[in-house]
Amino acid sequence: MTFVTKLRLQSGDRAALERVVEDIRSAAERKGAELKGPHSEPPSRLRVPQHKRVDGGGRFSDWDYVVYARELEIHGHDELARRVTHREFPSSVHVEAELEQVSPLGGS
């Protein structure tokens with residue numbers, strides 16, 4: 001059985017996100033691992049209202065920011081997947097990892 005490690009990376013700092021994705025991609029190339037992606041999603045523009053007081057009286061201007069997202073899949077190569085998910089990431093990059101077990105076609 002093969003394991004597929006799905007990584008979802010998000011950040012408001014596009015440069016930091018691209019550096020992390022490039023590091024993962026180059027590590028996969030060096031190890032000969034099968035890597036799908038990175039797949040980009042359209043950036044999400046978020047707006048957060050800011051109130052001057054807890055009771056809601058008065059407002060500051062809204063806080064606007066953009067979140068960039070990339071998705072990658074590492075097929076097999078469990079050691080690389082383990083290293084990637086256990087590494088230190090910049091605090092500005094949020095990482096989610098999902099592990100899926102895939103059976104070959106026709107297998108029991």
Q: Could you tell me which of the residues 33, 81, 16, 27 is touching a His at 6+ places or on another chain (Cβ under 6 Å), of a type in the set (Gly, Ala, Ser) and surrounded by 12 or more Cβ atoms within 10 Å (Cβ to Cβ)?
A: 33
Q: Say whether the condition of being part of a strand (DSSP E or B) and free of Cβ contacts under 8 Å to residues at least 40 places away in the same chain is met by at least one residue in the stretch 76-86.
A: no
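Being surrounded by 15 or more Cβ atoms within 10 Å (Cβ to Cβ), assigned to a helix (DSSP H, G or I) and either in contact with a helix residue (DSSP H, G or I) (Cβ under 8 Å, 6 or more places away or on another chain) or among the charged types (D, E, K, R) (or both): is that true of residue 71 here? Give the derivation first.
On the way: surrounded by 15 or more Cβ atoms within 10 Å (Cβ to Cβ): yes; assigned to a helix (DSSP H, G or I): no; either in contact with a helix residue (DSSP H, G or I) (Cβ under 8 Å, 6 or more places away or on another chain) or among the charged types (D, E, K, R) (or both): yes.
When the stated conditions are applied, residue 71 does not pass them.
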Q: Would you tally the residues in the stretch 33-68 being assigned to a strand (DSSP E or B), without any contact (Cβ under 8 Å) to a residue 24 or more places away in the chain and within 22 Å of residue 13 (Cα to Cα)?
A: 10
Q: Considering only residues that are assigned to a helix (DSSP H, G or I) and not hydrophobic (A, V, I, L, M, F, W, C), look in the stretch 5-28 and name the one that is farthest from residue 70 (Cα to Cα).
A: 26
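Any read-out appearing in this document is the output of simple, stated calculations on the displayed coordinates, not a laboratory observation. Predicted model only: the values in this text are computed from it and were never measured. Ideal geometry is used to build each Cβ from the backbone, glycine not excepted, and the neighbour counts take in all protein chains shown.
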